[in-house]
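Worksheet for the structure shown next.
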Amino acid sequence: MDTIFNAKWIKAPRYRHDAALTFSKRFPAKDVKKATLQVTARGVYNCFLNGKSVTDSVLNPGWTDYYKRLQYQTWDVTGLLKASNKIEIRAGKGWFFHNWYDTDSKIVKPDEPAVIAALTLTFADGSQQVIATDESWGVTENEVRYNNIYNGETIDYTYAPKRPVKAAAIDYPKDILIPQEGEMILEQERFPGVKLIVTPKGETVIDFGQEVTGYITFDTPANTKRKITVTHFEMLDKNGNVYTKNYRSAKALLTVVPDGKVHTVKPAYTFFGFRYIAVKGMKVTDPAQFTAIAVYSDMKVTGHFECSDPMINQLFHNIMWGQRGNFLDIPTDCPQRDERFGWTGDAQVFCKVASYNFDTEKFFNKWLADLRSMQTAEGSIPSFVPVNGKYGDGSAAWADVCTILPWQMYLTYGHKQVLKDNFSMMKKWVDCMRRWAEKKDVGDDFQKSRDPFLHNNHWHFGDWLAQDLPDQEECSGATDHDYIATAFFAYSTSLLVKAGKALGKDMTKYEELYGNIVKAFRKEYVKEDGTLTNDTQTACVLALHFDLVENRDAAAKQLVRLVKEWGHLTTGFVGTPYLLHALSDIGESRLAYDLLLRKEFPSWCYPITQGATTMWERWNGYKPDGTFATPGMNSFNHYAYGAVGDWMYENMAGIRQQEGSCGFRELLFAPETDDRFDWVSASIDTVNGTAAAKWERTGGKIRYTFTVPPKTTAQAVVNGKKYALCEGINEITA
């Protein structure tokens, strides 16, 4: 057993609300061959040995449901030891203080940091000494006088820490401790300020040119004790003034009290989502006085895309930065307002392109464990994870993350372990939906057909933020919620069947269930002429992409009619990920490109015309008339609509897998060219190496270049003709 389990949880005997704490211990060390530190916190911690950080990671220990699972980290600190040593663990509230966490604990409150750690010294003779947290450790407040994951930090350099007092040992559970599962959170790219703005209201604003999740760093001026405040925000309003209403109650404020000396400022216990800052109390002559530091989980970039259209290149850039900005230990919905939750629906729609862009296997495996820990006894999944308590269980397309995400991870990386780990969760969710469908005690809100295979006995978010209702502020879209729920009931069941068969299980029972759901769907939602009762783009997309209709031509014509009548997409979170795929599948690649290239509102490119550097939450986040959508829900860094990126990889560039393949071991290159592009190039780093595709116009023809990794079979389809490919580079001109 790791030595951390022999340590004690400790906290301050008295705690001033909102202050950060420093726990410390002095000890001698001679003839040490190896030193290993294990540490975690109820809150966020950083750790120093003899004044030097033990790690380059930040916001440790990450975010889980701290009442069920709490990661601890293990660091090799041998090189930091001296003859006489001092270890410090500096702790703030972090995610532990969270709007949705209960406050009933009588041992440690959510706004009260607590730590546990064990330093194991192994000497040259093989003996060991363990220095573990207990009552012998000291604790005092430090210069961070206020810290809050939403509101920010106050750093007071005039504060003189008091003499440490003995820490209080507490009888807090240790059986929740687990070794680090996810990727570490690191400081990544740095963006010096690029533009100094004085707004019409006289505000001093720095533009970093890129929206990031993280924090800023700067040096305090010498010979001044004037308080400095820095407000973080995403957008200037139409008049060029600071706009913060969409942060809701989150203050996103960094406050610094200088002591007349030069200090390099950098927050330790929070993060912000921002492109701009507004500075008060400090003379700014050069925007580069401030640097924005991007902070996100340590994921290797595995996907690349580029083409001849600069706007589509910017779209891909925005997709990548939407992911960077929201993959911070968990897949958050947004990094700036008083929320920042791991919304399941957002992760579900984006997980495919996420796994092409970056190596997300370890990242998602950790979050899948969070999902499993929070699945309810009846099999439902909360709408965001982690969360302490029940919130919004079971919405279609949100809770279905527990089938869609494991299956996609299996497809991308080819490892059956993800199916083994999550098969029970997948099965429990499908069984839960079946029980809901079979319920007989239907209230007044559900006066529909009582076919026992229709998922129409629960609430749902619907096609979230669709644009097919007269009121653009109405969130749930025009597509019938029960229609969506039944479609996903069928889809999740089909994925469960596939997962079971991949694991060698008998799935006869669920194959029969799937057939009955499809039969019920067709009876309830398909007219005699083959069209769908729900006359919306999303309804057609789901029916086609999930293969729920017999007469595909009728549904295809209905979808094409709706796209042309509207003149633009109308889909929300549910329909958008599959929209262009559905159009390509019915031979409407040109129409799919039309939607991709559209610059007017609503479209993927419209935000780019407004200067966006990340994906927006809403199509109408910032409207053509210069007004904003409702500030109650309007993030400008929200990755969900970036799901279009997988169509860019798979259809524009043509990199996809053969049906039945996993881990990209059997490739199918089938680019869909368009005369508005001179060239398209993309690559994905697969488990066997890099798969790449490029097409470019030359001499009146198109030259295709396909790169096949080792141990991979591949085929290309160009102008309807099939080509067998070999490992390495293959060129075809047609």
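None of the figures in this text is laboratory data; all of them are computed from the coordinates on show. Since the structure is predicted, the reported quantities are computational estimates derived from the model, not experimental observations. Every residue, glycine as well, gets a Cβ built from its backbone with ideal geometry; the counts of neighbours run over all protein chains shown.
Here are some notes:
- Exposure proxy order (Cβ contacts within 10 Å, fewest to most) of Asp333, Asp421, Asp56, Asp463: Asp56, Asp421, Asp333, Asp463
- Applying a DSSP loop filter and a limit of 16 other Cβ atoms within 10 Å to the GluC sites (Glu not before Pro) in region 448-553 leaves Glu473, Glu474, Glu528, Glu550.
- Beta bridges from DSSP with both residues in region 606-721: antiparallel share about 85 percent, rounded to the nearest 5.
- Of all DSSP beta bridges confined to the chain, the antiparallel ones make up roughly 90%.
- Packing-based ranking of 515-521, 638-644 yields 638-644, 515-521, ordered from highest to lowest mean Cβ neighbour count within 10 Å.
- Put simply, the amide H of Tyr243, placed in the peptide plane, has neighbours under 5 Å in Met235, Asp237, leaving out anything fewer than 5 places away on its chain.
- For region 105-205, the C-alpha radius of gyration divided by 2.2 N^0.38 Å, with N the number of residues, is 1.66.
- Scoring 229-239, 567-577 by mean Cβ neighbours within 10 Å over their residues and listing the highest first yields 567-577, 229-239.
- Rg and Dmax [Cα atoms of region 531-633; Å; Rg one decimal, Dmax integer]: 14.6, 45
- Rounded FRET efficiency, nearest 0.05, which uses the C-beta distance separating Ala160 from Thr122 and R0 of 45 Å: 0.75
- Approximating the spin labels as points 7 Å out from Cα along Cα→Cβ, the Asp219-to-Ser424 distance works out to 5.7 nm.
- Take the Cα of Val198, step 7 Å toward its Cβ, do the same at Val284, and the gap between the two points is 1.3 nm.
- Residue-count net charge about Ser584 - beta-carbon cut-off 14 Å; Lys, Arg +1, Asp, Glu -1: -4
- Approximate shape of region 666-733 as ellipsoid semi-axes (Cα gyration tensor, √5λ), whole Å, largest first: 21, 13, 10
- If R0 equals 25 Å, the separation of the Cβ atoms of Ser249 and His17 corresponds to a calculated FRET efficiency of about 0.90.
- Among Lys428, Lys93, a tally of other beta-carbon atoms within 10 Å of each Cβ gives an order, fewest to most, of Lys428, Lys93.
- FRET efficiency for Lys599 and Trp459, using Cβ-Cβ distance with R0 set to 25 Å, rounded to 0.05: 0.10
- Here each label is just a point 7 Å from Cα along the line to Cβ, and for Ala83 and Arg561 those points are 8.9 nm apart.
- Exposure proxy order (Cβ contacts within 10 Å, fewest to most) of Thr627, Thr486, Thr78: Thr627, Thr78, Thr486
- For Lys174, a cut-off of 20 angstrom between C-alpha atoms picks up these lysines, skipping any fewer than 8 places away in its own chain: Lys8, Lys11, Lys68, Lys93, Lys106, Lys109, Lys366.
- The alpha-carbon positions of region 186-297 define a convex hull whose volume is 106 Å³ per residue.
- Here the chain was treated as a single set of alpha-carbon atoms; its pair distances binned every 20 Å from 0 give 16, 47, 31, 6, 0 percent.
- Its alpha carbons give region 131-177 an Rg and a Dmax of 14.5, 41 Å.
- Using the alpha-carbon positions of region 584-680, Rg (one decimal) and Dmax (whole number) come out as 16.3, 49 Å.
- Per-residue extension of 0.36 nm, minus the Cα-Cα distance of Gln715 and Asn50, leaves a gain of 233.5 nm for this segment.
- Each peptide in 33-42, 243-252 gets a packing score, the mean of other Cβ atoms within 10 Å over its residues, and the list from highest to lowest is 33-42, 243-252.
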